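Peer 1: The structure follows.
What follows draws every value from the coordinates through simple rules; no lab data is involved. Small disclaimer: the values here were computed from a predicted structure and weren't measured. So basically every Cβ, Gly included, is an ideal-geometry build from the backbone, and we count neighbours across all protein chains shown.
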Amino acid sequence: MDSLDKIVFSVITAEDLVANFFPKKLLELDHFLKDPIINITELKEIHSEINLTVPDPILIPKLHDGLEAQNAKKRKLDDGGGDDMVTGTKVFVMPGGMMKSNANLVDLIEKVKPEIRTLIEKCNTVKMWVQLLIPRIEDGNNFGVSIQEETVAELRTVEGEAASYLDQISRYYITRAKLVSKIAKYPHVEDYRRTVTEIDEKEYISLKIIVSELRNQYVLFALYAFPHVLFPHR
């Protein structure tokens, strides 16, 4: 396939994207935004029970009330030693088996991730098409060149933002795993349990914003940018 054939094929495929795929996809995402799964108002409905029991308190020997005991403990901490230092509970196995993720959020993430990947793929493809359609500057169409180069730059920005959404999902899992590990080690600290709930709620809100942003990108693609850039004579 020579250069002319590539350009012709690109324009035909781009026309199908702009005329059919982009409008269809933005309608799908708009419908998704109305789905009850992503419109939960009471965020406690997406909470996940952390099935880690609080063990009975462990009495630490050789420590007594009073200033003398406090000074003795301080000396041991300063020395970096001492058998009486509290280092948390050693965790060899979870009492209920594997500690599950938040099932509500996992289901939602598995629906959102394919949409993110699709946007990245389409951006990459359209970027190639626009680059093929950029005329040479010596042809005298300097204005058209500048418009299409700006479009390529915008597509790179959209690609980067979409990739950051995937990074955000990975960071959510890593952060939550670290917190659950802290709960297993320090089961008496309630703040760790509350923090897991907070990041679950934050991730749920973030996922809804991501879907909204994906929909908005397709709106821009379909209605404003690419019909004028890819088909300037229409």
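Peer 1: Could you give the length gained by full extension between Val54 and Glu42, i.e. 0.36 nm per residue of separation minus their alpha carbon distance, to one decimal place?
Peer 2: Numbers: separation 12, 0.36 × 12 = 4.32 nm, distance 2.72 nm.
This chain segment gains 1.6 nm when fully extended.
Peer 1: Still on this structure: With each pseudo-label sitting 7 Å past Cα toward Cβ, what's the Ile147-Lys111 distance in nm, one decimal?
Peer 2: 3.9
Peer 1: Which net charge results when you count Lys and Arg as +1 and Asp and Glu as -1 among the other residues whose beta-carbon is under 12 Å from that of Tyr204?
Peer 2: Values: positive: Lys44, Lys202, Lys208; negative: Glu42, Glu45, Asp107, Glu198, Asp200, Glu201, Glu203.
That sum, taken over residues with Cβ under 12 Å, equals -4.
Peer 1: Could I ask something else about it? Give me the net charge for the shell around Glu49: Cβ to Cβ below 11 angstrom, other residues only, Lys and Arg +1, Asp and Glu -1. Before the final figure, lay out the partial values.
Peer 2: Working: positive: Lys100, Arg193; negative: none.
Residues near Glu49 contribute +2 overall.
Peer 1: Mind scanning Lys100/Lys202; Lys127/Lys202; Lys25/Lys127; Lys34/Lys113 and naming the pairs with a C-alpha gap bigger than 24 Å?
Peer 2: Lys127/Lys202
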